[in-house]
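S.K.: There's a structure below that I have some questions on.
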Amino acid sequence: MNAPAHPEHTLPPSAVTAAAPASAAVPLLLPQLIAALGADSVSRDAGRLTVLSHDVYRQGGLPLAVVRPRDVATLQAAVRLCAAAGVAMVPRGGGASYTDGYLLPAGGHVVFDLGGLDHIEVDAAHAVVTVGAGVTWATLRERLAGLGLRTPFWGPFSGLAATVGGSVSQNAISHGSAGHGISAQSVLSLDVVLASGELLGTGISSATRHFGPDMTGLFTGDCGALGLKAAIRLPLIAVRSQFDTLSFAFPDFARFHETLRLAALEGLEDEQFGLDKALSQGQIGKQEGLGSKLAIALKVFRSAPSATAGVRQLLRMLAAGHRVLSSGEYMAHFIVEGANMAEVQAKAARLRELALARGFEIANSVPGFVRAMPFAPLTNILGPKGERWVPVHGILPHADVPAFHAALHDFRTRHHEAMARLGVWMGTMFATVSSTGLLYEIALYWPEAPAAYHEAVLGAEHLRAVPGHAPNAAASALVDLLKEELIELYARHGAAHFQIGRAYPYAQRLDPAARALLSALKQTLDPQGLMNPGALGLEG
Ligand SMILES: Cc1cc2nc3c(=O)[nH]c(=O)nc-3n(C[C@H](O)[C@H](O)[C@H](O)COP(=O)(O)OP(=O)(O)OC[C@H]3O[C@@H](n4cnc5c(N)ncnc54)[C@H](O)[C@@H]3O)c2cc1C
């Protein structure tokens, strides 16, 4: 693995130098970790350290080492050793986030690669599955599919890489979310390794999470600031094999948003998302090449409820081609499920009533792809023309969405000249969060060379096949600035955030009494401040 050719897009340079912790115990730490975990589970390889301390967006400080515990006992042993040496610990799951969540700017820490915690234990009698934190959503789905079971939330689009531990630690949305909520809502209980090495279990009964105050909820969305999740228990539900996919286009944002809002209010769909025209065209631009088209066609056919339905869906997608993606300014895509086709059709009919009052129906190729390939390869970590990519999002109360949308229009106008000059462009993606909120995500794209991280995730062959870009400090600096300004814009409009990491303000936005309580909890669980310091802004 090569280190990046240039230090593009890093956390501030003053902070990136790996400042070794002061403790005299540090020189002993590496041999101790090797003795406890085995040499294979402790890495100081410069290429690996570089890749594992880069998220989708940028580079953090280099750690002292990366450890990959293979079970809970070795995880606890490694934590105890780091705690004794006074060395910070940073959890990393699939590494598919982009909010500095596992990037410790100061360096000198140990990264915990939790992908080795990969056990899955299905207890069908109790309708519970227990998974190691490092299990990916794709692996979990595959394991459960043969049993006719699934978890209610069943993963983000990045589920080939994203782990259950990572998603539960930062709150994730997508598959199953319209029907069953976000990742945190599908957790029964957790086993967490605290900064002391002690194992804390949040559950008492597998019958329900809600038995007194919500101990489990304290740790969901904590970005690892309160401890390392070792195992997660999730409820199981039956897979409903009958489904349909529907897509609609809208001439303007107001009609598009109102349709999403009303569909969520009535709870009609299992999954839903929206794209603007720019993002639709960008995304589909990537489904190029006969090989990938054939693979998708095969998956669409196999995932259909019946052979006839599969052929019908393929014909609809074929007829639509790429035209569907330029049909309107905004496109809404739905997946509806049911115990039988009558239920599916009833939901689809009601969705059509809502949508056709405001827009028009288009071919359902996009949700057809998503249903067939829910966990696509992570090619979207680069843009359609090989650009770098970073999404910025906020969850806004529906009533406040129009004001944010107008403010974003002003933002675009203000930055139009600089963006056009440096080749920076943006698209928007949407999903409802229950009946109360709209996730409004802005994807920024800019011409910049890929980092070693991108090569590690996508492979050199893929990178050779997409257009390349030279290092471009000016474009990267503009994106840094746009991102910061967008985050402030979201805060001014009362937005909440998933995957807070170190990017979004959290602690400072809490009610003072709630903030004091959370600080006291952090102090109790992690008195030395070694557990993913800086995440959630708790130390600020
Ligand atoms: C192509 C693409 C598509 C995506 N689609 C979606 C989507 O549909 N929905 C969505 O919500 N997000 C999406 N994301 C963002 C991201 O992939 C997800 O949020 C995912 O949940 C991250 O999981 P991960 O295992 O990669 O976590 P990581 O990126 O490794 O870590 C995330 C955070 O959790 C902490 N952490 C990780 N593991 C643990 C643990 N065991 N204990 C304690 N803390 C831990 C880390 O320190 C970090 O703060 C997408 C990203 C990409 C690149």
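The values are calculated or read from the model by the stated rules, or taken from the named source; none is laboratory data. All values reported here derive from a predicted model rather than from experimental measurement. Neighbour counts run over all protein chains shown; Cβ positions are idealised from the backbone, glycine included.
S.K.: Within the set of pairs 6 or more residues apart or between chains, which connect a residue that is in contact (Cβ under 8 Å) with a residue 60 or more places away in the chain and over 19 Å from residue 152 (Cα atoms) inside segment 237-252 to a residue that is of a type in the set (Ser, Thr, Tyr) and crowded, with 17+ Cβ neighbours inside 10 Å with Cβ atoms less than 8 Å apart?
M.R.: 247/365; 248/259; 249/327; 249/330; 250/259; 250/330; 252/330
S.K.: Confirm whether residue 487 is modelled with pLDDT of 95 or more, assigned to a loop (DSSP other than H, G, I, E, B) and at negative phi.
M.R.: For residue 487, the condition - modelled with pLDDT of 95 or more, assigned to a loop (DSSP other than H, G, I, E, B) and at negative phi - is not met.
S.K.: If residue 76 satisfies every condition in (1) closer than 24 Å to residue 27 by Cα; (2) assigned to a helix (DSSP H, G or I); (3) within 12 Å of the ligand (Cβ to nearest atom) but one, which is the exception?
M.R.: (3)
S.K.: Next up: On the basis of being surrounded by 24 or more Cβ atoms within 10 Å (Cβ to Cβ), modelled with pLDDT of 95 or more and not in a strand (DSSP E or B), does residue 69 make the cut?
M.R.: Against the criterion (surrounded by 24 or more Cβ atoms within 10 Å (Cβ to Cβ), modelled with pLDDT of 95 or more and not in a strand (DSSP E or B)), residue 69 qualifies.
S.K.: Name the single residue, out of those in segment 126-181 being touching a residue at least 40 places away in the same chain (Cβ under 8 Å), over 24 Å from residue 260 (Cβ atoms) and in contact with an Asp or Glu (Cβ under 8 Å, 6 or more places away or on another chain), that is farthest from the ligand (Cβ to nearest atom).
M.R.: So, considering only residues that are touching a residue at least 40 places away in the same chain (Cβ under 8 Å), over 24 Å from residue 260 (Cβ atoms) and in contact with an Asp or Glu (Cβ under 8 Å, 6 or more places away or on another chain), the one farthest from the ligand (Cβ to nearest atom) is 129.
S.K.: Ok, one more. Would you tally the residues in segment 195-229 being farther than 23 Å from residue 84 by Cα, within 15 Å of the ligand (Cβ to nearest atom) and part of a loop (DSSP other than H, G, I, E, B)?
M.R.: Residues meeting the conditions: 4.
S.K.: Still on this structure: When residues of segment 444-465 are filtered for being in contact with a Leu (Cβ under 7 Å, 6 or more places away or on another chain), in a loop (DSSP other than H, G, I, E, B) and farther than 21 Å from residue 94 by Cβ, how many remain?
M.R.: Looking only at that region, the number is 0.
S.K.: Checking the conditions here, which among 117, 64 is over 16 Å from the mean Cα position of the chain (by Cα), touching a residue at least 12 places away in the same chain (Cβ under 8 Å) and within 19 Å of residue 234 (Cα to Cα)? Working first, answer last.
M.R.: Working: 64 fails: within 19 Å of residue 234 (Cα to Cα).
Sole residue among the options that is over 16 Å from the mean Cα position of the chain (by Cα), touching a residue at least 12 places away in the same chain (Cβ under 8 Å) and within 19 Å of residue 234 (Cα to Cα): 117.
S.K.: Next question. Go through segment 489-520 and count every residue that is surrounded by fewer than 15 Cβ atoms within 10 Å (Cβ to Cβ) and within 15 Å of residue 225 (Cα to Cα).
M.R.: Within segment 489-520, residues that are surrounded by fewer than 15 Cβ atoms within 10 Å (Cβ to Cβ) and within 15 Å of residue 225 (Cα to Cα) number 3.
S.K.: State whether the residues of segment 441-455 include one that is closer than 24 Å to residue 253 by Cβ, surrounded by fewer than 19 Cβ atoms within 10 Å (Cβ to Cβ) and of a type in the set (A, V, I, L, M, F, W, C).
M.R.: no
S.K.: So in segment 50-61, with the set limited to residues that are more than 17 Å from the chain's Cα centre (by Cα) and β-branched (Val, Ile, Thr), which one is farthest from the ligand (Cβ to nearest atom)?
M.R.: Step by step, filter segment 50-61, then rank; the result is 50.
S.K.: Within the group 188, 194, 218, 200, which residue is among the hydrophobic types (A, V, I, L, M, F, W, C) and buried (at least 21 other Cβ atoms within 10 Å of the Cβ)?
M.R.: Result of the check over 188, 194, 218, 200: 188.
S.K.: Go through segment 82-113 and give me each residue that's assigned to a helix (DSSP H, G or I) and either surrounded by fewer than 24 Cβ atoms within 10 Å (Cβ to Cβ) or near the ligand (Cβ under 8 Å from one of its atoms) (or both).
M.R.: 83, 84, 85, listed by residue number.
S.K.: Answer yes or no as to whether residue 192 is more than 8 Å from the ligand (Cβ to nearest atom) and either in a loop (DSSP other than H, G, I, E, B) or of a type in the set (A, V, I, L, M, F, W, C) (or both).
M.R.: no
S.K.: Find the residue count for segment 325-345, including only residues that are touching a residue at least 24 places away in the same chain (Cβ under 8 Å), out of contact with any Leu (no Cβ under 9 Å at 6 or more places or on another chain) and in a helix (DSSP H, G or I).
M.R.: Total meeting the criteria: 5.
S.K.: Between 160, 194, which is over 17 Å from the mean Cα position of the chain (by Cα) and modelled with pLDDT of 95 or more?
M.R.: Numbers: 160 fails: over 17 Å from the mean Cα position of the chain (by Cα).
Step by step, each of 160, 194 is checked, and only 194 is over 17 Å from the mean Cα position of the chain (by Cα) and modelled with pLDDT of 95 or more.
S.K.: Any residue at all in segment 384-393 that's part of a helix (DSSP H, G or I) and hydrophobic (A, V, I, L, M, F, W, C)?
M.R.: Within segment 384-393, not a single residue is part of a helix (DSSP H, G or I) and hydrophobic (A, V, I, L, M, F, W, C).
S.K.: If a residue has to be surrounded by fewer than 18 Cβ atoms within 10 Å (Cβ to Cβ) and modelled with pLDDT under 95 to count, how many in segment 344-364 make the cut?
M.R.: Here is the first cut: in segment 344-364, the ones surrounded by fewer than 18 Cβ atoms within 10 Å (Cβ to Cβ) are 345-346, 349-350, 352-353, 356-357, 360-361.
In the following step, the residues that additionally are modelled with pLDDT under 95 were identified as 360-361.
Qualifying residue count, segment 344-364: 2.
S.K.: Out of 482, 525, I need the residue that is surrounded by 15 or more Cβ atoms within 10 Å (Cβ to Cβ) and more than 16 Å from the ligand (Cβ to nearest atom). Which one?
M.R.: Working: 525 fails: more than 16 Å from the ligand (Cβ to nearest atom).
The unique qualifying residue is 482.
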